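Working notes, structure below.
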Amino acid sequence: MALRKATTLFSGTPPSDLPESFGYSVKRRLLGPPMVNEELRHQRLSNFLALGVLSPDGISSSAYGTEEMLIELLPLFGLAAFAVILPMTGVILFVMTLVVLSYREVVTVYTRAGGSYVVARENFGPRIAQVAAVALLIDYVVTVAVQVAGGTAAVVSAIPALGTYTQEISVGVVLIMCLGNLRGIREAGKAFALPTYLFSGVVILMIALGLIREATGNLHPQDVHTIPCTATSCPVTIGSGTAGVALFAVIFTLLRSFANGGSSLTGIEAVSNAVSAFRPPEGINARRVLVAEGIILGTLVAGISWLAHVTHAIPYQSGYPTVISQEARLVFGNGVGHIMFYVVQAATALILYTGGNTSFNGFPFLTSFVAEDSFLPRWMTKRGHRLVFSNGIIALTIPALALLIFVGSNVNRLVPFYAIGVFTAFSMAGFGMAKYHHRLKEPGWRHKLVINFSAGVLTSIVVVVFAVVKFTEGAWLILIIFPLLVFGLIRLNRRYRMEAEVLEHIGGRKPPDPPNYTYRTVLVFVDEFNLATIAALRYARGLRPTSLRAVHFVIDQEHANELRDAWLRAERGIPLDLVDCPDRRLPRAAAELVTRETSDPGTQVTVVLPRRSYPPLLGRLLHDQTADKIARVVSRLPRSVATIIPFDVEARLDVLHERQARQAAKTPVPGGKIPVHGQPAVRPGVTPIGSVARNGRATVEGRVHSVEIRPVEHSCVLACQVADATGELTALFYGRTQIPGVQPGAMIQLRGRVGIKDAGAVMVNPAYELLQ
């Protein structure tokens, strides 16, 4: 077993015979230099910082929750909508309270990141948990679109001249977020907490001042019937009242308003998705922060709804000026107060954009959790150039941009895609915790079960309501995509499980014994005689086969004759078989040939396929993937394998020409070990590895480059390759298979006698010390 650390991260300019690809050069310029694994740090958050960092998504939803309810109420209820908004807000606050109480139990019990997905997985099993996974994935995608659209609405409310560019601004913000997160920005910083406290502070100030002005009779409602249309938008239609309106229409409108207002609850689950980031005791601290977030969010929603009731702030069809911007303008007035209007808009835009950026942290971590459970592709678990889950960030950016482009940068048009995912996750968490309490029956379990079960039932009802009343506005798409994604995740997991079962059947944890074939044949398929063919023949010889032959399938007789003449002139010492292929179906001809060769059960056939390599874009034009097609067919046949040998002819020629030029100029070729990115310099008092003396004692320091377990007679040896800026040394620990802390990337100091072997400097059973 060997654990290898990547050696493709270089400091400075890489050697000329290992040039960087164009794609890597572009990535390095865009994202910066690569980060090494030890730079990945898990910062523990204080409660004050955690509230600011984890709450933007939830608290920022108060900026548009009241407006979304009014959009549904005004066309039917008319001015009475500003009275109906108050009990409707009360219903939203009741649901919010129940959800917060339910998630208090979640963060207390499950102190690992993951939220409702972990709750569902632990209580219902991994398959049912995919319902929660899909709900959260959809939630994260729509959150980016809604929050960014809301932030842009705040910007253009302050600067109406930008109103015609709302979609362009939103798309640009998402791309900036994507690039920033690919570069590895960290959300656990004070900068990300500032928008939360700034927005909460200025809006609470606005609410307090509004209440004071109302109490003193200085705050009056605006005349909504005299508000003119602007060049870009008009206020929403204001109905004449409910007189003569059917009861069903009234109920349906109230349900639509409630569904829109449910967007105010989004983001509450963010704390449960990051419990492990809190300082110990994690559960208690997370619970306190969750309650504080709920109190702030409830206060803001209630206050903004009350000011809408008092001022008659009215939504606009285009989404701007927003209700909260109108309230700020009316409460603070002109003069000095006009400055506060811009402060409110700036704080609103900041927290909404920050809330959208929160998804770029939560979505990749969630996809990595799901991929670790084998329900998403395994490459979602890999960290990228800057130690972030780059694949997850890109997978979030693409659908979020598509949503903004095709639906538009308008919160009201995006809300129908929103709450189904959010409230499904709430339901899974509530029912999962109810099952947990019923199973364990810990002290006080009955009232906890009631809270969680009630939250699960109520949020499930909200999902049904939302699916019905918002069906024609876009919810139908979520209702189609949701089960398809759940089915796709389960189907992918089934394939992973089948592979695991086959692996267990053929050998399990113990490697299977190699088959004992009496006759091994290697066939090198040749199309023309070139450097790639010579490289494939060298590789084939190294396999030490019983029989080695080159094979050319004749499609063009003239070309076959030219190949035969070139083969004879080269005198390779390997026979060349010319096989007729009249129908030009090369994969089928290859399969027939290999089938004949393996007709004897004691024969195993290896097919070697030379292939010239090209740059990715050019390769798609110049490479017809014939080798891939042949390998795909041959690999399905019993007792046969296919190996493709890529050969970059142009790069190899460039290297040879450069070496010849150096030799001609008598310029020494840079030797020694390639410096690994982040390799430490040698400290005073420590012997450089490249200068250690034979059979002498030395103290060396370096970074563990690789760890390997080598079997020896009746025992084993742990071989650690340690490197510094001058060279490499191998430390051998006999009778050991593992040493805590000694792993690739760790800094270590070794003290002992140095011996020199063919592989280089060696220390046997040295004294060691792990370094920070």
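The values are calculated or read from the model by the stated rules, or taken from the named source; none is laboratory data. Nothing here was measured: the structure is a model prediction, and the numbers come from that model. Don't worry about glycine lacking a Cβ; one is built from the backbone with ideal geometry, like all the others, and counts go over all protein chains shown. Calculation scope for accessible area: heavy atoms of the full protein, side chains included, ligands and nucleic acids excluded. Shrake-Rupley method; radii C 1.70, N 1.55, O 1.52, S 1.80 Å.
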With just the Cα atoms defining each centre, how far is the range 524-570 from the range 427-460? Give it in Å. 70 Å
Three-way shape call for the range 373-486 based on the alpha-carbon gyration tensor, with the a/c threshold at 1.5: oblate
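When the chain is fully extended, how far beyond the present Cα-Cα distance does Val291 get from Ile480, taking 0.36 nm per residue of separation?
Values: separation 189, 0.36 × 189 = 68.04 nm, distance 3.49 nm.
Difference between extended and current length: 64.5 nm.
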Could you work out how far apart the two model spin labels at Gln167 and Asp628 are, taking each label as a point 7 Å from the Cα in the direction of the beta carbon, and quote it in nm? 3.5 nm
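Suppose R0 equals 35 Å. What FRET efficiency, 1/(1 + (r/R0)^6) with r the Cβ-Cβ distance, do Leu543 and Arg494 give to the nearest 0.05? Write down the numbers at each step before the final one.
Numbers: r = 36 Å, r/R0 = 1.03.
Here the calculated transfer efficiency is 0.45.
Between Arg572 and Glu708, how high is the FRET efficiency from 1/(1 + (r/R0)^6) when r is the Cβ-Cβ distance and R₀ = 30 Å? Nearest 0.05. Intermediate values should be presented prior to the final figure.
Working: r = 37 Å, r/R0 = 1.22.
Given R0 = 30 Å and the Cβ-Cβ separation, E is 0.25.
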Inter-site label distance for Leu205 and Thr699 at 7 Å from Cα along Cβ, in nm: 5.9 nm
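Measure off, as a whole percent, the carbon and sulfur share of the 1.4 Å-probe accessible area of the range 101-219, all protein chains present.
Values: 3030 of 4330 Å².
Here it works out to 70 percent.
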With only alpha-carbon pairs counted, each pair once and no self-pairs, how large is the Kirkwood hydrodynamic radius of the range 274-409 in angstroms? 18.5 Å
Using 7 Å Cα-to-Cβ label points, what is the Phe48/His559 separation (nm, one decimal)? 7.5 nm
